[in-house]
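No lab work stands behind these numbers, since they all come straight from the coordinates. Quantities reported herein were computed from a predicted structural model and do not represent experimental measurements. We place every Cβ from the backbone using ideal geometry, glycine too, and count neighbours over all the protein chains shown.
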Amino acid sequence: MNTEKQPLIQVKNLSKYFHINKKETLKAVEDVSFDIYEGETVGLVGESGCGKSTTGRCIVKLYNPTKGTVLYKGRDIFDSKNKNEKLEYCKNTQMIFQNPYSSLNPRMTVKDIVGEGIRLHEKISDKELDDRIESLLKTVGLNRDHMSRFPHEFSGGQRQRIGIARALSVDPKFIVCDEPISALDVSIQAQVLNMLKKLQKDRSLTYLFIAHDLSVVKYISDKVIVMYLGMIVEQADAVELYKNPLHPYTRALLSAIPEADPNIAKNKQRIMLKGEIPSPINPKECCRFVERCSYAKPVCHESIPTLKQYTDGHAAACHLL
Ligand code: SF4
């Protein structure tokens, strides 16, 4: 897919470590590489603590990487000394946060929250600003009356809509959606997901969609990347990944998706993973899934498996493949 075009975002050998003390290092992300092309949605999936949000935060420059880098339209975002280039990148890449309760400043009105970015990037009259905010609120299903209210006056779904309006306010090209529906009621999740899909079509947006649930990612993604304990274990086009999962971890995640059709459900076998995701502090130099994998062999304890291409665009990291 899109092999001749330059990717909009290129994540290259990205690692992010947090040094806890002299002896302990939390390796949140380790040597992660992937491309995101204009107009596509890449789903980034894994359990809590697998490094997916840290990867997203590095891409929007909330964190500086320990190793590796991120390119935007071929330019290194961490290398630029040019102030205008840095501002342009911040404008073009936005983030929708997981928790709509903590990601909005409770002391700011909706008008200030949504208008803050516009004021920073543009010289605009008060009247134009009000009109722009009203139009953004309409786009996300709110209205002008909401402008003077504070976040605590809204439901969770409405707060996430305010967060989406804030992300859209500076007309970005790329948005990191960090588990945007996981804190919402199930009844609201589909509404927000459909809205994100419509916005992508109307505004030619590109998404990195972070989730712990493969069923949500299936609905929205063109390409899916599965992470485990800071590393990519599998990546493929969405249809290919769901049809032909290779890595034992991906297969376990897929088996956990509830099946609506009772005839298929009765034949479906759930793969139960042993234990919890291990600590990312000083991880061993072996397959990071080894303690939970039912196929583990001695070789799995000896080295980290590399991510190998199996079919066009389908890669997995497992010694036994
Ligand atoms: Fe399991 Fe070994 Fe493959 Fe790791 S490398 S996923 S432990 S079989």
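Karplus-based coupling profile of the range 302-318, in residue order and whole Hz: 8, 7, 7, x, 8, 7, 10, 6, 9, 10, 3, x, 9, 10, 8, 10, 8, with θ = phi - 60° in 6.51 cos²θ - 1.76 cosθ + 1.60 and x standing for Gly or Pro. For the range 101-245, the antiparallel share of DSSP beta bridges with both residues in that region comes to about 55%. Taking amide H as placed 1.01 Å from N in the peptide plane, the amide H of I96 sits under 5 Å from that of V176, C177, D178, each at least 5 places away or on another chain.
With the highest mean first, a sort of the peptides 298-308, 104-114 on other beta-carbon atoms found within 10 angstrom per residue produces 104-114, 298-308.
Highest average first, the peptides 80-88, 143-151 ordered by how many other beta carbon atoms sit within 10 Å of their residues are 143-151, 80-88.
For the chain, relative contact order (Cα pairs under 8 Å, six or more residues apart, normalised by length) works out to 21 percent.
Near the amide H of D171, within less than 5 Å, lie no amide hydrogens of residues on another chain or at least 5 residues away, with H placed in the peptide plane.
Among DSSP beta bridges whose residues both lie in the chain, state the antiparallel percentage, nearest 5. If we restrict to bridges inside the chain, about 60 percent are antiparallel. Couplings 3J(HN,Hα) of the range 94-99, computed from phi: 10, 9, 10, 8, 5, 9 Hz, in residue order, whole Hz [Karplus 6.51 cos²θ - 1.76 cosθ + 1.60, θ = phi - 60°; x for Gly and Pro].
The distance separating the Cα centre of the range 156-203 from that of the range 250-321 comes to 30 Å.
Could you grab the relative contact order for the range 145-289? Cα pairs under 8 Å, six or more apart, rounded to a whole percent. Mind showing how you got there, number by number?
On the way: 113 pairs, mean separation 23.1, N = 145.
Contact order relative to length: 16 percent.
The charge dipole of the chain, taken about its Cα centre with unit charges on the Cβ atoms of Lys, Arg (+1), Asp and Glu (-1) only, comes to about 420 debye.
Put simply, the amide H of G43, placed in the peptide plane, has neighbours under 5 Å in F209, D222, K223, V224, I225, leaving out anything fewer than 5 places away on its chain.
Among the listed pairs K23/K308; K27/K52; K91/K111; K218/K243; K27/K83, which have their C-alpha atoms separated by more than 21 angstrom in this model? Exceeds cut-off: K23/K308; K27/K83. Phi-derived couplings, Karplus 6.51 cos²θ - 1.76 cosθ + 1.60 at θ = phi - 60°, listed residue by residue for the range 49-61: x, 8, x, 5, 5, 4, 4, x, 5, 5, 5, 8, 6 Hz, with x used for Gly and Pro. Computed about its Cα centre, the charge dipole of the range 135-226 is approximately 320 debye, with only Lys, Arg, Asp and Glu carrying charge at their Cβ.
Label zone (S279, point 7 Å along Cα-to-C-beta; backbone nitrogen cut-off 20 Å) within the range 215-236: 228-231. Considering only alpha-carbon pairs that sit under 8 angstrom and 6 or more positions apart, the relative contact order computed for the range 88-226 is 32 percent.
Packing-based ranking of 62-73, 6-17, 26-37 yields 26-37, 6-17, 62-73, ordered from highest to lowest mean Cβ neighbour count within 10 Å. Springs join every pair of Cα atoms under 10 Å in this Gaussian network model of the chain, and among Y89, Y295, Y101 the largest mean-square fluctuation is at Y295.
Once the Cα atoms of helix 156-168 and of the chain are each reduced to a long axis, what angle between those two axes, in degrees from 0 to 90 to the nearest 10, is obtained? Here the helix axis deviates by roughly 80 degrees.
Summing -39500 (n - 2.57) over the DSSP H runs of n ≥ 4 in the chain and dividing by its residue number, what mean residue ellipticity at 222 nm do you reach, to the nearest 500 deg cm²/dmol? Kindly include the intermediate steps, with their values, before the conclusion.
On the way: 10 runs with 102 residues, N = 321.
Result for the chain, helices only: -9500 deg cm²/dmol.
When the alpha-carbon atoms of the chain are used, the pair Rg, Dmax equals 20.7, 68 angstrom.
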